[in-house]
Amino acid sequence: RMADGPVQMPPWVAPGAKSSREFVSKLGIVGEDDFAGILVRDVETRDDSGRLVPQKVKRAWQRWCLKGHPDRGGDEAEHIAMYQEYEDFKEWFPKRFEHEKHERTVKQKERASDAEKAAIAARADSRLEEATEFATLAIAAYRAVHDWYTQEMQPTAMNQAAVDLRRAQGLFDTILQEAEEAENIRREKQEKEKESKAEIVRLEDDTRKKDEKMQEMHIEIDGLTSQLRDAKHDCTELQDKVRELQNGNTDLQTQCDKAIKETSPKKAAGRRFTNFNSIECSVS
């Protein structure tokens, strides 16, 4: 798009502006205030006897001739004057049109340069998305300038525009490559973070399983401790019984010893009597 806003006309264009405004006003096209904008900016033009004129003016002139031509009852002097004004307009308008195109091309070059500088600055700050947008604007603006110089057959300016366009395209390709590399780095980082999270989840799961196993071991240890406590209690009871048995055996042994002592003299006498009888039997 061409830049908006009025364009200052040089001395060789300005003189015909007033008479041209008056002429199109007589044709009833637009008011004087809208003259430059409507007739020049984004205007559709057509050829009229080798001269470039706005299509609206050409059609309005044809309509006026249908009413104001002498053959249709119009005033001849007025027709001659209007015809001369139309010729003057056709002489003036191409200069105005070409001047405005040139001025807007200059503004387009400035816009392209500003966009290129903004792309470079954004790239330096690692704002690659903004840099890509600015580089795209620069390419579009430089291409519009190149196309206009090509159409106007201005080789020097066209070659310079081609250089500017290639430079902007190279900048865009570089930014795009850096953006792609940054995106790859971002994806790798995301993958690593994903893997790290998965590893953390796995470690947490292993820890949970170990905790569960530890808890089971604690329960088993508690059970074994309880069994050991019961076994110690049973052992104590057995020891008490053994002690009681030992005490009982001691008493029994004492009784046995006493009984042996009491019965020992009787046994000795009996043995002597038995021996005496044996001797007598031998003598006999």
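The values are calculated or read from the model by the stated rules, or taken from the named source; none is laboratory data. Bear in mind that the values here come from a model prediction, so they are computed numbers and not experimental data. Neighbour counts run over all protein chains shown; Cβ positions are idealised from the backbone, glycine included. Accessible surface is based on the protein model in full, side chains and every heavy atom, while ligands, DNA and RNA are left aside. Shrake-Rupley method; radii C 1.70, N 1.55, O 1.52, S 1.80 Å.
Key figures
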item: DSSP-loop GluC sites (Glu not before Pro) across the range 145-223, with at most 16 other Cβ within 10 angstrom; result: 152
item: Across 192/213; 26/58; 189/209, pairs whose alpha-carbon gap is larger than 21 Å; result: 192/213; 189/209
item: Table column - 3J(HN,Hα) (Hz), the range 167-177, Karplus curve with 6.51, -1.76, 1.60, x for Gly and Pro; result: 5, 5, 5, x, 4, 4, 4, 5, 4, 5, 5
item: Candidate lysines for bridging to residue 109, where Cα separation is under 22 Å - those fewer than 8 sequence places away on the same chain excluded; result: 95, 101, 117
item: Whole-number D in µm²/s for the range 40-168 (Stokes-Einstein; Kirkwood sum over Cα pairs; 20 °C, 1.002 mPa s); result: 121 µm²/s
item: 66, 171, 203, reordered so the largest accessible area comes first (probe 1.4 Å); result: 66, 203, 171
item: Tail beyond 25 Å, pair distance distribution of the range 117-276 (Cα, percent); result: 73 percent
item: Area accessible to solvent at residue 196, 1.4 Å probe radius, in Å²; result: 60 Å²
item: Computed accessible area, residue 217, all protein chains, 1.4 angstrom probe, square angstrom; result: 90 Å²
item: Anisotropy class of the range 57-129 from Cα gyration tensor, a/c 1.5 cut; result: prolate
